Amino acid sequence: MLSSLSSTDLLWLFVAAMGIGISKSGFPGVSMFHVVVYAFIFGAKESTGVLLPMLVVGDCFAIYVFGRKAVWRQVRRLLPPTLVGIVSGWLLMGQLDESFFKRLVGAIILTLTLVQVTRLWKPGWFERIPHAYWFALTLGFLAGLTTMLANAAGPVVALYLLAISLPKWELIGTTAWLFLVLNLLKLPLSYNLGLITPSTLAVGAALSAAIPLGIFAGRWLVSRVSQRLFNGILLAFTAIAALRLIGAF
């Protein structure tokens, strides 16, 4: 696969692989960058088979760097509905119109982002909602669907963890462990769909060297921003990701 690509394509793929590391270090909205680049070069469906093993590599590095800060209660709370969403996405893959689903998810994420911005502005308006179990069930299920169909669940999980006011380091550690479990479970499902092949694994192995560079660059950035600025950046990236899913640009 790599031999048929131009030097420009390879450069974009390498930069996007660094983006995987940055997204795993606390800026999940950046995940839309590597999703878009890989989909453009390899095709929307085929790119998921290239990206998934690379995401597992990114999860492993993220756990090594941030994993000790995980809040396991939130991992356990999100895991069941997310697993249901993954299985549902696997069953729907090949039947659901991908462009319609992306627009729907984008609209939901953008709505939730606006709700979170409003909540930061008027804390009392949505005081109880983030801690309601139905909220975790809904966003967990949506995250599972999105990660199976588009490898783009980072903004959904980030919105939930921001809504419950998880501090930035705990948010990153919790996300790292949650996505390692989910991405490992997705591997056999993607293999069953024919998305993971020796060729896609070879491409992923060649590009994965860029991932730790992104992890450490992201950690450097996170350590130098305040909690308030971190939340603002995260919401901005999430909104951009939602607009990209809708097809606004």
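Here are the numbers for the structure shown:
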item	result
Residue that is surrounded by the fewest Cβ atoms within 10 Å (Cβ to Cβ) [pool: residues in segment 147-168 that are at pLDDT 80 or above, in a helix (DSSP H, G or I) and not hydrophobic (A, V, I, L, M, F, W, C)]	Lys168
Lone unmet requirement of (1) surrounded by fewer than 17 Cβ atoms within 10 Å (Cβ to Cβ); (2) in contact with a helix residue (DSSP H, G or I) (Cβ under 7 Å, 6 or more places away or on another chain); (3) closer than 24 Å to Leu78 by Cβ; (4) of a type outside the set (Asp, Glu) for Ala236	(2)
Matching residues in segment 191-219 - criterion: being part of a loop (DSSP other than H, G, I, E, B) and among the β-branched types (Val, Ile, Thr)	Ile196, Thr197
Whichever residue in segment 36-55 is in contact with a Gly (Cβ under 9 Å, 6 or more places away or on another chain) and β-branched (Val, Ile, Thr) and, among such residues, is surrounded by the fewest Cβ atoms within 10 Å (Cβ to Cβ)	Val37
Residue check for Ser208: without any contact (Cβ under 8 Å) to a residue 40 or more places away in the chain and either over 30 Å from Asp9 (Cβ atoms) or out of contact with any strand residue (DSSP E or B) (no Cβ under 7 Å at 6 or more places or on another chain) (or both)	no
Any pair with Cβ under 7 angstrom, 6 or more apart, that starts in segment 7-31 at a residue that is at negative phi and ends at one that is small (Gly, Ala, Ser) and part of a loop (DSSP other than H, G, I, E, B)	Ser31/Ala152
Residue under evaluation Asn192, criteria (1) of a type in the set (S, T, N, Q); (2) at pLDDT below 90; (3) surrounded by 15 or more Cβ atoms within 10 Å (Cβ to Cβ), criterion not met	(3)
Count - residues of segment 111-146 that are of a type in the set (A, V, I, L, M, F, W, C) and modelled with pLDDT of 80 or more	9
Residue, modelled with the highest pLDDT, within segment 83-106, restricted to residues that are small (Gly, Ala, Ser) and assigned to a helix (DSSP H, G or I)	Gly85
Residue list for segment 1-51, restricted to those being within 19 Å of Phe66 (Cβ to Cβ), out of contact with any His (no Cβ under 8 Å at 6 or more places or on another chain) and either of a type in the set (A, V, I, L, M, F, W, C) or outside any helix (DSSP H, G or I) (or both)	Met18, Ile22, Ser25, Gly26, Phe27, Val30
Ala242 buried (at least 20 other Cβ atoms within 10 Å of the Cβ) and either of a type outside the set (Lys, Arg) or in contact with a strand residue (DSSP E or B) (Cβ under 9 Å, 6 or more places away or on another chain) (or both)	yes
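The values are calculated or read from the model by the stated rules, or taken from the named source; none is laboratory data. Note that the coordinates shown come from a computational prediction; the quantities given were computed from them, not determined experimentally. We place every Cβ from the backbone using ideal geometry, glycine too, and count neighbours over all the protein chains shown.
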